[in-house]
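Here the structure comes first, spelled out in structure tokens, and everything after it is commentary.
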Amino acid sequence: AICRAALDRSARLFASPPQALALQKQWEETPILKDLVFVGGGHTHAGILRMLGMEPLPGVRVTLITRDVETPYSGMLPGHVAGDYTRRECHLDLNVLARFARVRMVHATAVNLDLKNKRVILDSDRPPIGYDVLSINIGSAPKVQGGDETSQVTPVKPIAGFGAKWDAILEGVQKWCGIRRVYVVGGGAGGFELAMTMEARLQKELQKCGNTSVQLEVKLVCRSELLPQHNPGVRALAKKCLEERGVEVLTGYEVTHATEKLLHCKGGKTLPFDDCIWCTQVMPQAWVRDCGLRTDKDGFLLVNQHMQCSLAPGIDVGPDNGGPIFAAGDIASIEEHERPKAGVFAVMAGMALWINLRATLLGEKKVTYWPQSNFLGLFNLGDGTCIASRGLLALEGRWLWALKDWIDRRWMWNYTLHGGLPEMAESLDAGVAEGMAKAAGSLELLKHATMRCGGCGAKVGATTLSAAMARVTLPQQPGALAQAKVAVGVGDDAAVVELLADNSQASVASVQTIDFFRSFVADPFRFGRVAAVHALSDCEAMGAVAQTALALVQIPFSAEEKQEEDIVQLMAGAATALTEAGCALVGGHTCEARELGLGFAVNGRLPGGVSEALKKASLQVGHALILTKPIGTGTLFAADMRAKARGPWIAEALDSMSMLNGRSADILRQHGCSACTDVTGFGLVGHLLEMCRQGGGASSSKKMVAEVELEKLPLYEGALECLAQGISSSLQPANTRLRRSVANHEEARKNPKYPLIFDPQTAGGLLAAVPPELAERCVEALRSSGAAPRACVVGSVLREAPPGEMVELLHVKA
């Protein structure tokens, strides 16, 4: 009753737009007072994220630390194996859930706990993440004997690894010949379902590809009897189905270890195999047993009926006892209420855990959780039928598969965009005076007021910026006492200043640039890395070597210890990029603001002097245009803000955006690069147009006409899908005004890729012109070196523009 009341309260709040927006505003304006950290994106935490999205807790910052951006729904895995579901249909998108719930998602793996300082230790070079309240839901994995010795033995968890292996098996089916032995080790419900669904799918695939030369043998290896936790009637039905399908059950085979294509069993027996899937008794992650919390005999976290952990005997970490810490799902065992490690228990625990987490944070009374004693098990047989098991119940039939399919799809629907996951509010126009709202542009501005993009999508549009700067008279050269001369100024990626030595004709070419933007990604460490990469890019695009940087850090108002943690995460991420580039951080400035923001003023030097700079103003007719990174970050992160971008899309984009452009610039120079710029906020068209307008150099009026081939453009996965939903960056309309520079706009606009050439990029790649005879060699060098794995030739410089032509300098080949 308490759980139902909590769910109804959250649903009522979210169903009322005024109440939902008021609560959202309160959450945004309340300083961060507490940190609630989730480790793992299992079924239990997925349910809590949905609740948080409907009823956020003002003053509480929630962080999700997860190894995977998608989490599989275990109930649908056998159906995926059988071909009933696509991978997307049986995976929860944690990125979507995190955005919906206003949760920071940290894509990293937890490897231990620092209970004394209340921090989660992460892998790689990331600093630990602090918590006030911690919840752990990281699942489990099968005990694999000798798993490191052979790539053929594949545990069913983590499911991402099993999925890759299963895809490889399916791809190789048509090449099989002779006897193909496929083994599943583990006689529980999971092993039985896998054996049945694998056999059904493999037979279908063999028939589909016409491979009749292979004899398929699927065998199920059991240490004791089949389905030991189920009633005799269920076991009898299972044995009948296995016999009818020709799946042999080997009972009494306790596998001790595996070597290449051979299972070794207790008593000296061996079983030769071609492919082996491991689905045996589960075990916790290695760090859990040694983290300082109390565990059961198998190493799983032991919790009370509030689902709260306690310290292991002999552990003393101070008055807070390292907590409060909670755990649920496979990783947890409830004291005196032992239950099987099944997904249904993780799902059912979600509401009770949410109420107790909320109670801990708000000082309310916790609830006692009584786990159910049994549950309805529905075993997918892979042929459109199911076996049902509950207590003494044992049934088989096609209608049971229809029931299971409905239950599973319904559960997934609750966490799916355009399904049971409610739409996020995008407008604040309610309550605005009607006359004011009807003013020119006001309705459109209000429509997007809550969804203004971060990153380079937060830039002022090119036409607005140009118009403003044209009205201001600014000094173009420093005074005489400065002993400096601006060699390359406004209009290029960075300024090049010749610094003169006292009483000498010697000079040094100094490159100076600055960049700053609001955060567009919730993980401060990742944002810090991308912000530094972006700031360094202008220097690298000029062919310069970065030397020093000054930081401008904008931190949301919160408790002092929270601000300290934010700065640590932010600057640790930035430090990875600065260190890689060989650039020293020599100072900076901080300020409080509503949102996280970061920028850098970067200084560098040009080896060889001013004449060696890679400038925009050096295009040559006939040269090929090379783009070193895909485009589409603007629309992707605009969709991400609305919880409409899939996790794998965002992960791929962030990985690319985290790559420095320095090595790419070196390779381009080695292949005769004549002109170069980086593609950022003004999009591909905006930056290419700058190159065309400066084609003859700063002292020349010569312009160039260039062509871009849409079909050759590298695009980030999901960019076109986001555009198809009508989602674009808030800077896109300003960038699209440059369409007047496209000679064949009306023709080109019919291609769905066309809007992406106006899409604002953050930490984008380099756009460079190289001699045509060296273009393919240059692209191969960029790809093979790892500097730019998706570099492409995307167009060419066609000709010089006729004198006086200022507008239609671009042609788009659709």
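The values are calculated or read from the model by the stated rules, or taken from the named source; none is laboratory data. If you're wondering where the values come from, they're calculated on a predicted model, not measured in any experiment. Glycine also receives a Cβ, built like all others from the backbone with ideal geometry; neighbour counts cover every protein chain displayed. All accessible areas refer to the heavy atoms of the entire protein, side chains included, with ligands and DNA or RNA removed. Shrake-Rupley method; radii C 1.70, N 1.55, O 1.52, S 1.80 Å.
Quick notes on this one:
- In region 37-122, counting only strands (runs of 3 or more DSSP E) that sit wholly within it, the ones holding 1 or more residues that are hydroxyl-bearing (Ser, Thr, Tyr) span 60-66, 70-72.
- Taken together, the residues in region 137-151 that are open to solvent by 30 Å² or more (accessible area, probe 1.4 Å), of a type outside the set (A, V, I, L, M, F, W, C) and at pLDDT 60 or above amount to 1.
- Some residue of region 177-187 being in a loop (DSSP other than H, G, I, E, B) and surrounded by fewer than 19 Cβ atoms within 10 Å (Cβ to Cβ): yes
- Filter result for the condition that a residue is surrounded by 15 or more Cβ atoms within 10 Å (Cβ to Cβ), more than 30 Å from residue 198 (Cα to Cα) and among the charged types (D, E, K, R), over 339, 289: 289
- Enumeration of residues in region 577-601 that are assigned to a helix (DSSP H, G or I) and either buried (at least 20 other Cβ atoms within 10 Å of the Cβ) or touching a Pro at 6+ places or on another chain (Cβ under 7 Å) (or both): 577, 578, 581
- Within the option set 509, 532, being hydrophobic (A, V, I, L, M, F, W, C) and surrounded by 23 or more Cβ atoms within 10 Å (Cβ to Cβ) holds for one residue only, 532.
- The residues of region 535-562 that are of a type outside the set (A, V, I, L, M, F, W, C) and open to solvent by less than 30 Å² (accessible area, probe 1.4 Å), listed by number, are 537, 538, 540, 543, 556, 558, 562.
- Residue count for region 241-286 under the criterion of being open to solvent by less than 70 Å² (accessible area, probe 1.4 Å), outside any loop (DSSP other than H, G, I, E, B) and acidic (Asp, Glu): the result is 1.
- Check on residue 746, among the charged types (D, E, K, R), within 34 Å of the chain's Cα centre (by Cα), surrounded by fewer than 21 Cβ atoms within 10 Å (Cβ to Cβ) and more than 27 Å from residue 542 (Cβ to Cβ): no
- Residues in region 206-215 that are in contact (Cβ under 8 Å) with a residue 24 or more places away in the chain and either among the β-branched types (Val, Ile, Thr) or buried (at least 19 other Cβ atoms within 10 Å of the Cβ) (or both): 214 alone.
- When region 460-489 is filtered for residues that are in a helix (DSSP H, G or I) and within 43 Å of the chain's Cα centre (by Cα), the ones remaining, listed by number, are 462, 463, 464, 465, 466, 467, 468, 469, 470.
- For region 385-415, the candidate set comprises residues that are assigned to a loop (DSSP other than H, G, I, E, B) and touching an Asp or Glu at 6+ places or on another chain (Cβ under 9 Å); within that set, the residue that is modelled with the highest pLDDT is 385.
- So residue 168, is it modelled with pLDDT of 90 or more and surrounded by 19 or more Cβ atoms within 10 Å (Cβ to Cβ): no
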